[in-house]
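J.: There's a structure below that I have some questions on.
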Amino acid sequence: MEVSTIQERIADMARRYPERGLTSLNRYLTEDWLKAAFKKVQKNAAAGVDGMDAREYEGQMVNRLPELVKLAHSGEYVAPPVRRTYIEKPGKSEKRPLGIPTVEDKVLQRGVVMLIEPIYEAEFYGFSYGFRPGRNAHDAVKTLHNAVMRMETGWILDVDIRKFFDTLDHVSGGTAGVKPKDDI
């Protein structure tokens, strides 16, 4: 059965039975499914910690996929560490950390996304844009612009929560050094 047909079935089940958890998706995670997932993996991306690029992985895929499927089904799969690199931030002296997974890990991640995406797509609102198929940041900005123009609002609040989690007290669950205000 084709991937798109299975995804349509999953989406249909998610729509018809929203109160039920779909618990038998693991059976679809097959070698053929992961081959389809590999087709969606970016081929010119940097190699992970194993040094293997997409072309090299493709040459070994037939031998590697059976073990990957077995590990995923058994729950024994452990993602390899990501390769950490830093990239320039345009116009800034600081660099942004970037984690680069192995191609094999990307294949399994993509395969899992292909299984659960039809379920969650049924749950998203039309105004949700983040990491959804057929949508991007430009679409979100255009929608926001149109909404603001229709509402004739004068306020847009852009909040950057960078380093917010650095301020959390991870022991007690509170915010380190910040007292809660009673008037909020």
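The values are calculated or read from the model by the stated rules, or taken from the named source; none is laboratory data. Because the structure is a prediction, the values reported are computed rather than measured. Don't worry about glycine lacking a Cβ; one is built from the backbone with ideal geometry, like all the others, and counts go over all protein chains shown. Calculation scope for accessible area: heavy atoms of the full protein, side chains included, ligands and nucleic acids excluded. Shrake-Rupley method; radii C 1.70, N 1.55, O 1.52, S 1.80 Å.
J.: LEU168's amide H: which non-local residues (gap 5+, or another chain) put their own amide H closer than 5 Å, with H modeled 1.01 Å from N in plane and none for Pro or chain starts?
T.: ALA176
J.: Just how much of ILE161 is accessible, in Å², when a 1.4 Å probe is used and the result is rounded to the nearest 10?
T.: My reading of the accessible area for ILE161 is about 100 Å².
J.: How big is the dipole moment of segment 28-129 about its Cα centre under a simple scheme where the beta carbon of each Lys and Arg is +1, that of each Asp and Glu is -1, and everything else is neutral? Debye, nearest 20, please.
T.: 460
J.: Hey, what do the phi angles of segment 10-20 turn into as Karplus ³J(HN,Hα) couplings, whole Hz, using 6.51/-1.76/1.60 and θ = phi - 60°, x for Gly and Pro?
T.: 4, 4, 4, 4, 5, 6, 6, 10, x, 7, 8
J.: Now, a different point. Would you mind checking which residues have amide H under 5 Å from ARG83's amide H? H placed 1.01 Å from N; only 5 or more apart, or other chain.
T.: VAL49, ILE100
J.: Could I ask something else about it? Compute, for MET151, the solvent-accessible surface of its heavy atoms (probe 1.4 Å) with the complete set of protein chains present, and express it in square angstrom to the nearest 10.
T.: 140
J.: Taking θ as phi - 60°, what are the ³J(HN,Hα) couplings along segment 27-36 by the Karplus curve (6.51, -1.76, 1.60), each to the nearest whole Hz, with x for Gly and Pro?
T.: Coupling constants for segment 27-36: 5, 7, 7, 10, 4, 4, 4, 6, 5, 5 Hz.
J.: 7 Å from Cα along Cα→Cβ at both TYR120 and GLU56: what's the point-to-point distance in nm?
T.: Each label point is offset 7 Å from its Cα along the Cβ direction, giving 3.0 nm.
J.: Can you give the charge dipole size of the chain about its Cα centre, rounded to the nearest 20 debye, using +1 on the beta carbon of Lys and Arg and -1 on the beta carbon of Asp and Glu?
T.: Using only the charged Cβ atoms, the result is roughly 300 debye.
J.: Between ARG15 and VAL49, how high is the FRET efficiency from 1/(1 + (r/R0)^6) when r is the Cβ-Cβ distance and R₀ = 45 Å? Nearest 0.05.
T.: In this case the efficiency is close to 0.65.
J.: Using the Karplus equation 6.51 cos²θ - 1.76 cosθ + 1.60 (θ = phi - 60°), what ³J(HN,Hα) coupling, rounded to whole Hz, does each residue of segment 140-149 give in order, writing x for Gly and Pro?
T.: 5, 5, 4, 5, 4, 4, 4, 5, 5, 5
J.: Can you give me the P(r) profile for segment 1-160? Cα pairs, bins 5 angstrom wide beginning at 0, each as a whole percent.
T.: Answer for segment 1-160: a P(r) of 1, 7, 13, 14, 15, 15, 13, 10, 7, 3, 1, 0 percent.
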